[in-house]
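Note sheet for the following structure.
What follows is calculated from the coordinates using simple rules that are stated; it is not laboratory data. The structure displayed is predicted, hence computed values, not measured ones. Neighbour counts are summed over all protein chains in view; Cβ atoms, including those assigned to glycine, are modelled from backbone coordinates with ideal geometry.
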Amino acid sequence: MTRRLETLAPWLAFALALAGWEAMVRLNETPPYILPAPSLVLRTLVADWDILSAALLVTLRTTLLALALASAGGLALALVFARWRWSERALFPFAVVLQVTPIIAIAPLLLVYLETEAAVLACAFIVAFFPILSNAVLGLRSADRNLVELYELYGASRWAQLRLLRLPSALPYFLGGLRIGGGLALIGAIVAEIAAGAAGKGAGLAFRIVEAGYRLNVPRMFAALTLVSLAGIAIYVAFSALSRLSLRRWHDSEA
Amino acid sequence: MSADAPLVRLRGVGKTFDTGLRALDGLDLDVREGETLTLLGPSGCGKSTALRMMAGLIAPSEGAVSWRTGARPEIGFVFQEPTLMPWASVEDNVWLPLRLRGVSKARARAAVDEALERVGLADFARSLPRELSGGMKMRVSIARALATRPALLLLDEPFAALDEITRFKLNDDLLRLRETMRATIVFVTHSVYESVYLSTRICTFSARPGRVTQEIAVEAPARRDAAFRASPAFAQTCQRASAALERAYGLEDAP
Ligand SMILES: Nc1ncnc2c1ncn2[C@@H]1O[C@H](COP(=O)(O)OP(=O)(O)O)[C@@H](O)[C@H]1O
Ligand SMILES: [Mg+2]
């Protein structure tokens with residue numbers, strides 16, 4: 001009984017919050033340009049589906065492309081770092097600088113240099129890159145020391161050691177980086193789109209939010225926001241599932 | 001060198017690590033063909049360092065390590081922890097030494113099966129390490145060391161982390177293995193009883209920096225079993241080994 005309550009609790013709480021919101025708006029007769037009721041947001045979502053779904057697709061495509069590039073780049077650079085220690089000392093500070101400089105401050109500059117689409121992609125890439133890189137570096141280094149010695153004892157080549165030992169050892173860390181990077185890539189894309197939207201350019205979800213804001217179309221702002229949240233949740237769930245599927249047979253974190 | 005020259009010979013071996021720590025000093029040690037030699041001493045006295053030197057994994061700072069065969073003979077190494085690859089099945093873990101030498105799984109089949117047979121795990125070839133008990137994992141680790149049919153088997157406190165019943169069982173298994181394999185064994189332990197039960201010769205180590213303080217030949221019946229453990233000869237040898245350790249460490253510090 002308590003178990004069932006535990007699984008139901010978050011859904012119940014969510015439904016209650018929505019119901020409360022709906023009731024409050026109706027009782028106070030709050031105008032939609034101040035706060036739309038959830039039912040109106042849903043209706044807007046359906047009515048504006050053509051515009052919003054196209055925008056969602058743009059944002060999702062940018063996010064996933066940025067994530068793919070950040071994964072490939074992060075892993076490649078981590079391999080370089082693992083192979084040549086000095087390269088890490090030389091280059092890691094650059095990665096840290098990119099990481100600590102808020103993306104919102106970089107975005108306007110990128111928008112000057114690049115086409116809107118490319119600038120948004122670059123922003124999403126930058127924020128996703130660092131966690132993927134640092135997790136991959138950590139992972140490649142986390143191979144059991146005794147196993148490394150065992151590989152040496154049997155005269156394993158560097159390539160064999162990488163393929164059979166270091167990469168599998170790094171997998172849990174890499175997937176963790178991907179899960180964080182996925183969420184961040186979406187945030188990076190949204191931030192850049194907002195910066196672009198201020199200049200009246202763009203096609204993604206955040207651009208639609210800015211545009212609707214100018215027109216005081218608050219229900220559409222909420223509808224677009226809902227899609228952003230759903231996209232973030234979907235990305236997180238997808239990567240959690242990927243991690244569970246690939247690790248549950250052997251790694252304690254997914255047992 | 002002549003045929004009865006020792007399989008491994010350490011002469012005047014010293015080791016100072018990068019940290020400045022002096023682990024070995026003036027270590028003279030011969031490993032003779034066919035014997036089971038125990039290195040006995042409390043933790044931190046340099047036993048593992050000496051063992052890793054015999055395997056050629058680290059080089060001495062002074063002195064020389066030489067093998068009768070000139071080059072390093074075929075060696076099997078077992079660590080204190082099972083040190084298995086958690087993502088690989090039992091058979092793939094045992095296959096590893098051969099795989100690193102370019103032997104395909106199909107061609108390694110017979111050797112892998114034989115090694116697993118020897119440690120009594122033929123039925124668990126497809127299991128993952130996490131599905132096995134601590135004692136079984138240790139057996140897999142031993143099977144992996146046997147896969148290349150080594151001339152020299154080096155075991156570094158392999159049973160120290162196991163409960164006593166499992167340890168007795170594995171001690172007996174090791175004795176049986178020795179009968180059928182005719183390998184030379186060097187066994188590191190801090191347990192006086194284990195050293196007497198298993199070995200034909202014991203070398204006690206001094207406190208760090210380690211060297212051999214005393215050699216004790218173990219007189220034992222052809223068949224070592226519970227009766228041997230209960231025999232006066234066993235007790236007497238244990239006393240001699242303990243006394244040697246006490247002389248090296250003083251009464252209070254004796255393990
Ligand atoms: N790679 C290393 N670098 C620095 N110190 C080490 C290293 N390996 C072992 N030591 C130190 O050398 C000493 C002897 O270690 P070890 O040979 O493992 O002892 P034992 O196996 O007898 O417990 C210990 O104090 C240990 O901390
Ligand atoms: Mg040790």
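Taking the stretch B:82-93 as the range and being within 22 Å of the chain's Cα centre (by Cα) and either over 15 Å from A:Trp250 (Cβ atoms) or part of a loop (DSSP other than H, G, I, E, B) (or both) as the test, the residues that pass are B:Pro82, B:Thr83, B:Leu84, B:Met85. Among the residues of the stretch A:152-189, the ones that are of a type in the set (S, T, N, Q) and free of Cβ contacts under 8 Å to residues at least 24 places away in the same chain come to 2 in all. Mind checking whether some residue in the stretch B:57-76 is closer than 19 Å to B:Thr16 by Cα and within 10 Å of another protein chain (Cβ to nearest Cβ)? Yes, there is a match, as at least one residue in the stretch B:57-76 is closer than 19 Å to B:Thr16 by Cα and within 10 Å of another protein chain (Cβ to nearest Cβ).
If only residues of the stretch B:10-56 that are within 14 Å of another protein chain (Cβ to nearest Cβ) and within 16 Å of ligand 2 (Cβ to nearest atom) are counted, the one that is surrounded by the fewest Cβ atoms within 10 Å (Cβ to Cβ) is B:Arg52.
Taking the stretch B:48-90 as the range and being basic (Lys, Arg) and within 16 Å of ligand 1 (Cβ to nearest atom) as the test, only B:Arg52 passes. Among all residues of the stretch A:190-203, there is at least one that is touching an Asp or Glu at 6+ places or on another chain (Cβ under 7 Å) and either more than 11 Å from every other protein chain (Cβ to nearest Cβ) or touching a residue at least 24 places away in the same chain (Cβ under 8 Å) (or both).
Residue by residue, here is whether (1) of a type outside the set (Phe, Trp, Tyr); (2) more than 14 Å from every other protein chain (Cβ to nearest Cβ); (3) within 16 Å of ligand 1 (Cβ to nearest atom); (4) in a helix (DSSP H, G or I) holds:
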{"residue": "B:Lys137", "(1), (2), (3), (4)": "yes, no, no, yes"}
{"residue": "B:Ser141", "(1), (2), (3), (4)": "yes, no, no, yes"}
{"residue": "B:Thr148", "(1), (2), (3), (4)": "yes, no, no, no"}
{"residue": "B:Ala161", "(1), (2), (3), (4)": "yes, no, yes, no"}
{"residue": "B:Ile165", "(1), (2), (3), (4)": "yes, yes, no, yes"}
{"residue": "B:Phe168", "(1), (2), (3), (4)": "no, yes, no, yes"}
{"residue": "B:Leu174", "(1), (2), (3), (4)": "yes, yes, no, yes"}
{"residue": "B:Leu177", "(1), (2), (3), (4)": "yes, yes, no, yes"}
{"residue": "B:Thr180", "(1), (2), (3), (4)": "yes, yes, no, yes"}
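Of the residues making up the stretch B:94-104, just one is more than 9 Å from chain A (Cβ to nearest Cβ), under 21 Å from the mean Cα position of the chain (by Cα) and of a type in the set (A, V, I, L, M), namely B:Val94. For the list (1) over 20 Å from A:Trp86 (Cα atoms); (2) under 20 Å from the mean Cα position of the chain (by Cα); (3) not β-branched (Val, Ile, Thr), I need the number of the one condition that A:Phe130 fails. The failed condition is (1).
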